Amino acid sequence: MLEIRKIHCLHMDSPMGIDEAPYFSWKIVSDRQNVLQTAYCIVVEDESGESVWNTGKRGSDQSTFIPYEGRSLDSSTEYSVTVTIWDNHGDTAEEKTTFETAYLHRSDWEANWVKSPYPVTERGAHLGEQPEAVYFRRNFTLREKPVSARVYATCHGVYTLHVNGSRPDERVLAPEFTVYRSYLCYQTYDVTELLRTGENVLGMHVGDGWYHGFMLKTVDPLYDPAFAVLFQIDLTYPDGSTERICPDDKVFVARSPVLCSDLFAGERYDANAELPSWDTPEYCQDPHIWEPAVLASFGYDNLKAQLGQAVLPVMELPVKEILTSPKGEKILDFGQVIAGRVRIHTDAPKGTKITVTCTEGLDECGNFFDNHPTADQRIEYTANGADVIYEPHFTFMGFRYILVDGVPELKKEDYTAVILSSGKEEVGTFSCSNADVNRLYENTRWSQRANTISIPTDCPQREKAGWLGDIQVYTRTAMQNEDLTPFLTRWLRNMTEDQRENGSLPMVVPLAGAYVGQYEMLAQQGNCPGALAPAGWADAAVLVPWHIYEITGNRILLKEQYPTMKKWCDFIIRTSKENRGTGSTLPDEVEQYLWNTGFHYGEHLIPSYSKDGYGPQTYEAIAASTKYVAPIFGYCSVSTFAEIAGILGDSEEKAYYADIAEKMKNAIQKGVIGEGGKMPADLMGAYALMIYYDLVPEELKETFSAHLVRKLEEADGCLDTGFLATPVLQDALCKIGREDLAYSLLFQHKAPSWLYEVDHGATTIWESWFAMDEDGKPFESHMGEYTFTMSLNHYAFGCVDDWMFRKINGIDSLENGFKKIRIAPRPDRRLTSAARTFDSEYGEIATDWEWSEDGTYRLDVKIPCNTMAQIILPNGEVYEAGSGTYSYTCQL
Ligand code: BGC
C-alpha cells in the first residue's frame, strides 16, 4: 500500500501563524520495493472550501520543497492542503494537512504597543542588578463564547501568555532571540477553548530575556529599557461576526513576584509577593497595586510571524544522587550536563530563603566548581509557607550539579532538571559495538539539544551566543540528527539583518550586548573598523545554507540567502584586492586573490597551543593559523557560491565566481605553500584543510600526505586541529588512503581525543579537550584579572559524528538532499557492528552491519521511497537499488 507519511508545510506540521508563502514536502511509504513517485497534485482550499491553488496532476517525482504558487493568501485564515500522489506501480495515495496564516499585511496591526510605567535602571550582569518582572493585564467581556479565537502577541523582553488563569501552550522565552530592531517575532495562539461568555482576562508576564539582559541586550538606537507588549485578540462568533480586542487604555501593570531575572544570572522570586489568580476574571484588581500601562509607539515594521518551533521543556531528569564534597557541600547530581532549569518542590516555612546554584562540573576533589565565572546561574526563592512547585520563569542555565542552600532537609525528590530546547523533530539514531563511541554520540546529541535554544549557540552557560564558526562546523551533524530547517532558516534571516552594507558579517548573530564592544576591539586589532569578518566564522553565510542544502536539497533557502552570500563573497574578493598583506613580496596576480588581512580566530583552540590556557600562545596560534585559514576559507566560500549560482541557474554568476575561485586557488598554491611543500605554519590543520579542499597541486600531493601523517606521528597519534580543521581531518586522512589513521583518531583515548572526554566522564562535548586534566582538574587560566574556564557543553567538536555517519554507517548522498543515495560503509576491524537511522527528506535511510569473527560481513539497508541508491560493499561489490529493505553479505 502506498501512503504519504507526513506532509510538511514550511518544514513544520500544520503550522499556525505563518506570514510567508509556504512550501510543501512529504514523505512516502509503501510495502513495495522500488517505489518512485510519478506524479503529484496539490490542492489548497480556503475556509469556505474554495480552491486557491490546484496544481492538477503534475508528472513529476518532486516531493520536497515545492513552493506555493496559488492565489495570494489572506491573513488569519486556515487553509487545507490535499496532496495526491501516483507511483510507478500504479498505486495512489492521498493525505491532508492544514496551515494557518497570521498577519500578512502591516495594516492587520491596529493595536498600540503599551509599556510598563515603572522606572527601570541600567541592567547589570549579576543577580539583583535587574528590575522586577511585570504582569500586564487586560479584562474584556464577551457577549458569547467565540468559535475561534486567536491571540497574536509579542513583547520587549520575554513573556508567557495567560488567558483566564491558563496558558495556551508550554512555550517559554518568547519571543525568539532575533535582531530585534529589524526582526521581532510575534506568536500566534489558539485560545478558543480558554475563553468564555462574560468576563475574561488576558495576561502577559514579562521579564528581561535577550531583549534587555546585560550580556545580549538588543542593539537599537531607539532602545527603550521598559517592558512593553503588543497583542491583538481576534474572535469569530457562531454567527460569523468578528471582533478584535486590543490593549488600548485598558491594560494595567503590576510588579510580579519575579524580583529580578536574567538569562545568565538567574532569578530571584518572592512567593510572598505573589498576586494569586492575577490572570483570572475573579481577581480583584487593587488600584494601589495595578497601574495603567503607558501607550507606546514602537510600530510594526520589524514584526514577523514566528517561524519554527518555540523553546519548550523537552525532557525532565530526576536527581541521580546526593554527593558530599570534601568541603562538606551537599551537591545534587543529575548525572547529565544539560541546559534548562531546576524545578523545586518546597513546603518550607514562610520567609525561608532557598538558594540553588548551578554548575556543569566539580573539581578534581569533588568540590563544586564554577566553570562560568561571568554567569551567576543562581535561583533565590523566598517561601511563603505553602506546599508549592516553583520553576524559574525567565532564565536558563547550563548545569549538571546544583548546590542548595537554606532548606532544612535536602530531599532528592524535591528537585527536577527541566531540559529546554527549541522544539524539533529527531531524525537520527546511532549505535555500534563500542560503548565509548556510543557515549560520544549521545554526548553530541546532548550538546546539540542544549545549544539549540532559540538560536544555535556556543554554550548554554557562559555565553549563550550565536557564534558563527561553531554552527558552521556543526551544521551537517546537526541536520543529520534533528530537523533544524525552520530553526536555522530563522537564524540565517538574522544573519542577513546583521550583515553590514560592506558585506562583512560579525562573529556572533545576533550581534548584541557585550559582543558589540568585543567587535570593536577585534576590528581595531585587525585594522578593519566596521568590517570584522573572521574567516571560518563569517563564512557561515555561505556554508550553513550550503550544508543544509547538502542534507535536505533545500533550494528555497539557497535562493533566499543568495543575496547575503553574494555580498559576503564580494566582501572577501574586494578585501583581498584592496588590503594587501604587510610586507608581501608576492606578485600582484597572486597577492590580490589572497584573503590575508583583517582579524581572524585562525583555527581556534589548536590543542598544542591551547593546553596551558589563554595567553600569548593563543595569539601565536591565531597568527600562525590565520595565514592559511583566511585564504582557504575565502576560496571555500567563493567556490561554493559559484556552485550555488549554478544550482540556481545563473550561469553567468557561476562562471564569474568560479573564475575568481580558480584564481584564489592558484594564489594559495603560489602564495601560501612554501618551500618543500610546507605550509606557512607547519600545523596538522593546514595540511588537512589543503588536502580536503583539493588545493594541493598534483606534484605535491605525496608531500602533503607525508606531512599530514608526520604531524599525526609528532602528536603521538592524537589530533592537533582546532575548530576549523577538525571537521575535515578524518576525511583528509581517508582521502590520502589512511582510513586506518582516521579510525585511530576516533578510538584514541589519550588527550586530545573524543574518547579521552568520555573516559573522564563527559556527558556532553567539551569546548576544549583540556577542559579537564587527567586527574579531573578543571581547566583554569588567568589573563590579567580575568579567569578563563572551559565550557563542558560546546557542540563544535561533535562534528566528528558527520564523519561517523558517512564512514562507519556509510550513508552519503550522490545527489544533494539524498534523492540519490550512496551506501558505502568503510568498516574498521575495531568495530564489529554499527547501526544508524536517518529520517531524510524522503523518509528513513538505515544501515545496520555486523562483522563476525569468521570474516562474514552482513549489511542491512533501508532505502526510502522516491530515491535510488548505490550500495558498495566493503569488498568493492556494487549494487543498484530502489526503495525497500535489502540484506547483503560478503567475506572480508
Ligand atoms: C566561544 C566559541 C567561539 C569563540 C571564538 C568563544 O568564546 O565560546 O565557541 O567560536 O569564542 O573564538
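The values are calculated or read from the model by the stated rules, or taken from the named source; none is laboratory data. Being a predicted model, the structure only gives us computed values, none of them experimental. Backbone-built Cβ (ideal geometry, glycine too); neighbour counts: all protein chains shown. The accessibility values were calculated without ligands, DNA or RNA, using every heavy atom of the protein model including side chains. Shrake-Rupley method; radii C 1.70, N 1.55, O 1.52, S 1.80 Å.
Do the conditions hold for ALA624, that is, is it within 16 Å of the ligand (Cβ to nearest atom), at pLDDT 95 or above, outside any loop (DSSP other than H, G, I, E, B) and out of contact with any Asp or Glu (no Cβ under 7 Å at 6 or more places or on another chain)?
When the stated conditions are applied, ALA624 does not pass them.
Here's a check for you: in segment 268-298, which residue that is out of contact with any Cys (no Cβ under 7 Å at 6 or more places or on another chain) and part of a strand (DSSP E or B) is nearest to GLY340 (Cα to Cα)?
Looking at residues that are out of contact with any Cys (no Cβ under 7 Å at 6 or more places or on another chain) and part of a strand (DSSP E or B), I get TYR269.
Does segment 366-378 contain at least one residue that is in a strand (DSSP E or B), open to solvent by less than 10 Å² (accessible area, probe 1.4 Å) and modelled with pLDDT of 95 or more?
no
Taking the condition of being over 36 Å from the mean Cα position of the chain (by Cα), in a strand (DSSP E or B) and of a type in the set (D, E, K, R), how many residues in segment 216-243 meet it?
1
Considering only segment 666-675, state which residues are open to solvent by 60 Å² or more (accessible area, probe 1.4 Å) and without any contact (Cβ under 8 Å) to a residue 24 or more places away in the chain.
Result: GLU675, single match.
Search segment 525-566 for residues being polar (S, T, N, Q) and within 25 Å of LYS464 (Cβ to Cβ), and hand back the single one that is surrounded by the fewest Cβ atoms within 10 Å (Cβ to Cβ).
In this case the residue turns out to be GLN525.
Is segment 489-497 home to any residue that is closer than 22 Å to PRO175 by Cβ and within 16 Å of the ligand (Cβ to nearest atom)?
Yes, segment 489-497 contains a residue that is closer than 22 Å to PRO175 by Cβ and within 16 Å of the ligand (Cβ to nearest atom).
So which pairs qualify, if the first residue must be in segment 594-606 and free of Cβ contacts under 8 Å to residues at least 60 places away in the same chain, the second must be within 16 Å of the ligand (Cβ to nearest atom), the Cβ gap must be under 7 Å, and the two must be at least 6 apart or on different chains?
Between residues of segment 594-606 that are free of Cβ contacts under 8 Å to residues at least 60 places away in the same chain and residues that are within 16 Å of the ligand (Cβ to nearest atom), the close pairs are ASN596/ALA630.
Can you find a residue in segment 535-542 that is within 30 Å of PRO225 (Cβ to Cβ) and in contact (Cβ under 8 Å) with a residue 24 or more places away in the chain?
Within segment 535-542, none of the residues are within 30 Å of PRO225 (Cβ to Cβ) and in contact (Cβ under 8 Å) with a residue 24 or more places away in the chain.
Out of all the residues in segment 459-478, is one or more among the acidic types (Asp, Glu), over 15 Å from GLU176 (Cβ atoms) and more than 16 Å from the ligand (Cβ to nearest atom)?
No, that holds for no residue.
Among the hydroxyl-bearing types (Ser, Thr, Tyr), at pLDDT below 95 and open to solvent by 20 Å² or more (accessible area, probe 1.4 Å): which single residue out of SER241, SER277, SER297 fits that description?
So the residue among SER241, SER277, SER297 that is among the hydroxyl-bearing types (Ser, Thr, Tyr), at pLDDT below 95 and open to solvent by 20 Å² or more (accessible area, probe 1.4 Å) is SER297.
Residue-by-condition table, conditions (1) in contact (Cβ under 8 Å) with a residue 12 or more places away in the chain; (2) open to solvent by 60 Å² or more (accessible area, probe 1.4 Å):
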position	(1), (2)
VAL638	yes, no
ALA642	yes, no
SER651	no, yes
LYS654	yes, yes
ILE660	yes, no
MET664	yes, no
GLY677	yes, no
GLY685	yes, no
TYR693	yes, no
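Using beta carbons and a limit of 9 Å, which pairs, at least six apart or on different chains, have the first residue in segment 777-792 and under 16 Å from CYS459 (Cβ atoms) and the second one in a strand (DSSP E or B) and among the basic types (Lys, Arg)?
From segment 777-792, the pairs are LEU792/ARG400.
Select from segment 101-114 the residues that are open to solvent by less than 50 Å² (accessible area, probe 1.4 Å) and basic (Lys, Arg) and list them in ascending order.
Within segment 101-114, no residue meets the criteria.
Give me the strands (runs of 3 or more DSSP E) completely within segment 144-206, filtered to those with at least 2 residues that are among the aliphatic types (A, V, I, L, M) and over 22 Å from the mean Cα position of the chain (by Cα), ordered by residue number.
Where strands (runs of 3 or more DSSP E) fall fully within segment 144-206 and carry at least 2 residues being among the aliphatic types (A, V, I, L, M) and over 22 Å from the mean Cα position of the chain (by Cα), they are 148-156, 158-163.
Within the set of pairs 6+ apart or on separate chains, which have a first residue in segment 870-884 that is outside any strand (DSSP E or B), a second that is aromatic (Phe, Trp, Tyr) and open to solvent by 10 Å² or more (accessible area, probe 1.4 Å), and C-beta atoms under 6 Å apart?
Between residues of segment 870-884 that are outside any strand (DSSP E or B) and residues that are aromatic (Phe, Trp, Tyr) and open to solvent by 10 Å² or more (accessible area, probe 1.4 Å), the close pairs are LEU873/TYR888.
Going by the structure shown, is SER454 closer than 30 Å to SER182 by Cα, away from the ligand (no atom under 16 Å from the Cβ) and of a type in the set (Gly, Ala, Ser)?
So SER454 passes the test.
Results for (1) over 25 Å from PHE394 (Cα atoms); (2) assigned to a loop (DSSP other than H, G, I, E, B); (3) within 12 Å of the chain's Cα centre (by Cα); (4) of a type outside the set (A, V, I, L, M, F, W, C), shown as yes or no for each residue.
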{"residue": "ASP458", "(1), (2), (3), (4)": "no, yes, yes, yes"}
{"residue": "GLN461", "(1), (2), (3), (4)": "no, yes, no, yes"}
{"residue": "ASP470", "(1), (2), (3), (4)": "yes, no, yes, yes"}
{"residue": "ARG500", "(1), (2), (3), (4)": "yes, yes, no, yes"}
{"residue": "TYR515", "(1), (2), (3), (4)": "no, no, no, yes"}
{"residue": "GLN518", "(1), (2), (3), (4)": "yes, no, no, yes"}
{"residue": "PRO529", "(1), (2), (3), (4)": "yes, yes, no, yes"}
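Only one of these is over 10 Å from the mean Cα position of the chain (by Cα), of a type outside the set (D, E, K, R) and within 16 Å of the ligand (Cβ to nearest atom): VAL509, VAL542. Name it.
Of VAL509, VAL542, the one residue that is over 10 Å from the mean Cα position of the chain (by Cα), of a type outside the set (D, E, K, R) and within 16 Å of the ligand (Cβ to nearest atom) is VAL509.
Listed residues ARG476, ARG490; which is part of a helix (DSSP H, G or I) and in contact with a Leu (Cβ under 9 Å, 6 or more places away or on another chain)?
ARG490
What are the pairs, 6+ residues apart or on separate chains, where a residue within segment 400-423 that is touching a residue at least 24 places away in the same chain (Cβ under 8 Å) and hydrophobic (A, V, I, L, M, F, W, C) has its Cβ under 7 Å from a residue that is surrounded by fewer than 22 Cβ atoms within 10 Å (Cβ to Cβ) and not in a strand (DSSP E or B)?
Matching pairs, first to second residue: LEU403/GLU329; VAL404/LEU410; VAL418/GLU391.
Given GLY398, GLY385, GLY406, which one is open to solvent by 30 Å² or more (accessible area, probe 1.4 Å) and closer than 19 Å to LEU127 by Cα?
The match here is GLY406.
State all residues of segment 575-611 that are charged (D, E, K, R) and either within 13 Å of the ligand (Cβ to nearest atom) or open to solvent by 20 Å² or more (accessible area, probe 1.4 Å) (or both); if no residue qualifies, say none.
Scanning segment 575-611 gives LYS577, GLU578, ARG580, ASP588, GLU589, GLU603, LYS611.
For segment 88-100, state whether one or more residues are over 30 Å from LYS862 (Cβ atoms), modelled with pLDDT of 95 or more and open to solvent by 70 Å² or more (accessible area, probe 1.4 Å).
Checked against the condition, which is being over 30 Å from LYS862 (Cβ atoms), modelled with pLDDT of 95 or more and open to solvent by 70 Å² or more (accessible area, probe 1.4 Å), segment 88-100 yields no hits at all.
Residue by residue through segment 416-427, note down the ones that are open to solvent by 10 Å² or more (accessible area, probe 1.4 Å) and under 22 Å from ASP376 (Cβ atoms).
THR416, the sole residue that qualifies.
Cβ-Cβ below 8 Å, separation at least six or inter-chain, first residue in segment 451-475 and on the phi < 0 side of the Ramachandran plot, second near the ligand (Cβ under 7 Å from one of its atoms) and open to solvent by 10 Å² or more (accessible area, probe 1.4 Å): which pairs?
THR457/GLU463; THR457/TRP467; ASP458/TRP467; GLY469/TYR601; GLY469/HIS604
Is it true that some residue in segment 834-851 is open to solvent by 20 Å² or more (accessible area, probe 1.4 Å), within 20 Å of CYS432 (Cβ to Cβ) and assigned to a loop (DSSP other than H, G, I, E, B)?
no
Go through segment 300-357 and count every residue that is under 16 Å from MET397 (Cα atoms) and of a type in the set (Ser, Thr, Tyr).
2
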